[in-house]
Structure formats: structure tokens, C-alpha cells
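K.L.:
Once you've had a glance at the structure underneath, I'll fire off some questions.
The values are calculated or read from the model by the stated rules, or taken from the named source; none is laboratory data. The model shown is predicted, which means the values in this text are computed figures rather than measured ones. Note: ideal-geometry Cβ built from the backbone for every residue, glycine included; neighbour counts use all protein chains shown. Areas reflect the complete protein model, heavy atoms only, side chains present, ligands, DNA and RNA absent. Shrake-Rupley method; radii C 1.70, N 1.55, O 1.52, S 1.80 Å.
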Amino acid sequence: MTPFQPKEPYDWDALLALIKRAFAGMEGRIDPPSSLDKVTPQDLATYPGEVWVIGQPPRACMVLTPKAHALYLGRLSVDPSYQRKGYAHILITLAEARARALSLPALELQSRIELVENHAIFFALGFQQNGATTHPGFAAPTSLVFTKKV
């Protein structure tokens, strides 16, 4: 269960399939719909931040993007058949180490308002909710912002 950064040649199609399986439970639950259908394997292969994966074939992954105030943790995905086995914890621990290595004081992530089960996981992992964002065209917030000091 050691995370690694995929290098070419890599099966980016398998990684995207993992992310889609992990996010499938939100289909029909969130508004607006996820932008995941617009993501391609090439997008993952050329991601400007860091892509981290556990397993061959992939069982879990995340993408990290440095911001001025925090390391943004996106697309945190665990294959449904491997959930509740510590994969998210391993990836978040790695993200914390990467934030420290980049001299960033915190991790940041977003979760859609409707996904309360994910919020509970983030709270259990030490995150605090400290903001909200609203998609264009919506009057009320559609996502919550969570941070964790490192």
C-alpha cells in the first residue's frame, strides 16, 4: 500500500476508471453534475500538479495542486471494493508530507454539500470546514471547503 507517482508508460485509462468508480455514488445526488465526465486519461497524464496512486491496478489515488495558501487535494478516490481499509488515510498522510515539503501550512479540499458521508470522513481525518463555494448560475453554495493544518 505504498503510494507512487505514475510514470510513462502508465495505464491512465485504468486510473480514470478507478476515479469514476469511486465517484459513481454521487451521480444523481449532486447539482450541478460532476465535471468528471469531461476528464480524459490525457488530462491525468499531463496534470500540472502531482498524481499519486496506490496499487497496480490502481486501488486509490489523489491529485495535488499547490496554491499560495495550501496544498489542494483533489480527486481523492478509493475503489469501492477497497474502501474502509485505510487507503484515504495513507494518501492524506502523504499529502500532509508533501505540503510540508512545499512549505505550505495546510491541506485544502472541497466536497459537494450533498455528500454528508464524505464530510464525516474528512472531519474524522482532522479537517475542519471553513468555507463554501457556489458554482456559476447557482444562488446558494454547492460545495464546502475543508482545511487541515499540517
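K.L.:
Using a 1.4 angstrom probe with every protein chain in place, what is the largest-first accessible-area order of Met26, Met62? Working shown, then result.
P.N.:
Values: Met26 20, Met62 0 Å².
The residues order as Met26, Met62, largest area first.
K.L.:
Probe radius 1.4 Å, ligands and nucleic acids left out: which of Ser34, Ser77 has the largest accessible area, and how do the rest follow? Numbers along the way, then the final one.
P.N.:
Values: Ser34 35, Ser77 0 Å².
Putting Ser34, Ser77 in descending order of accessible area: Ser34, Ser77.
K.L.:
Here is a further query. With every protein chain in place, what's the accessible area of Phe123 (1.4 Å probe, Å², nearest 10)?
P.N.:
That residue has around 110 Å² of solvent-accessible surface.
K.L.:
So how much slack lies between Ser81 and Ala97, counting 0.36 nm per residue of separation and subtracting their Cα-Cα distance, in nm?
P.N.:
On the way: separation 16, 0.36 × 16 = 5.76 nm, distance 2.66 nm.
Between Ser81 and Ala97, full extension yields an extra 3.1 nm.
K.L.:
For the pair Ala24/Glu117, report the inter-label distance in nm, with labels modelled 7 Å from Cα in the Cβ direction.
P.N.:
1.3
K.L.:
Sorted by accessible area with a 1.4 angstrom probe, largest first, how do His135, His119 fall?
P.N.:
On the way: His135 60, His119 15 Å².
Ranked list, largest accessible area first: His135, His119.
K.L.:
Counting only protein heavy atoms, what percent of the accessible surface of segment 1-135 is carbon or sulfur at a 1.4 Å probe?
P.N.:
It is 55 percent, rounded to a whole number.
K.L.:
Find the lysine pairs in the chain meeting two conditions, Cα atoms under 29 Å apart and a separation of 8 or more places or different chains, and report how many there are.
P.N.:
Lysine pair count for the chain: 16.
K.L.:
On average, how much accessible surface per residue is there in segment 60-122, in Å², for a 1.4 Å probe, leaving out ligands, DNA and RNA? List each step's numbers first, then the result.
P.N.:
Numbers: 2860 Å² over 63 residues.
Spelled out: the 1.4 Å probe surface of segment 60-122, per residue, equals 45 Å².
K.L.:
Can you list residues from other chains, or at least 5 along the same chain, whose modelled amide H is less than 5 Å from the amide H of Ala106?
P.N.:
Amide H neighbours of Ala106, under 5 Å, 5+ apart: Leu71, Val150.
K.L.:
If you take the charge dipole of the chain about its Cα centre, with +1 on Lys and Arg Cβ and -1 on Asp and Glu Cβ, which of Leu36, Ala95, Cys61 is farthest toward its positive end?
P.N.:
So the residue furthest toward the plus end is Ala95.
K.L.:
Using the basic label-point model (7 angstrom from Cα toward the beta carbon), what is the Met1 to Asp37 distance in nanometres?
P.N.:
If labels sit at Met1 and Asp37, their model points lie 3.4 nm apart.
K.L.:
In addition: Tell me the trypsin sites (Lys or Arg not before Pro) within segment 61-150 that lie in a loop according to DSSP and have at most 13 other beta-carbon atoms within 10 Å. If you can, show how the numbers build up before the last one.
P.N.:
Working: sites: Lys67, Arg75, Arg84, Lys85, Arg98, Arg100, Arg112, Lys148, Lys149; in loops: Lys67, Arg84, Lys85.
Within segment 61-150, the qualifying trypsin sites (Lys or Arg not before Pro) (loop, at most 13 other Cβ atoms within 10 Å) are Lys67, Arg84.
K.L.:
With each run of n ≥ 4 DSSP H residues scored as -39500 (n - 2.57), what mean residue ellipticity at 222 nm is computed for the chain after dividing by its residue count and rounding to the nearest 500 deg cm²/dmol? Write down the numbers at each step before the final one.
P.N.:
Working: 4 runs with 41 residues, N = 150.
My calculation for the chain gives -8000 deg cm²/dmol from helical runs alone.
K.L.:
Still on this structure: Near the amide H of Ala60, under 5 Å away, which other amide H atoms are found, from residues 5 or more places off or on another chain, if H is placed in the peptide plane?
P.N.:
So Ala60 has HN proximity to Ile54, Asp79.
K.L.:
Among bridges DSSP assigns within segment 57-137, what percent are antiparallel (round to 5)?
P.N.:
Details: 6 of 8 bridges.
Antiparallel bridges make up about 75 percent of those DSSP assigns within segment 57-137.
K.L.:
Which helices pass in the chain if a helix is a full DSSP H run, must span at least 20 angstrom along its long axis by Cα, and must have mean Kyte-Doolittle hydropathy not below 0.5? If you can, show how the numbers build up before the last one.
P.N.:
Working: long enough: 87-101 (21 Å, 0.53).
Helices meeting the span and hydropathy rule in the chain are 87-101.
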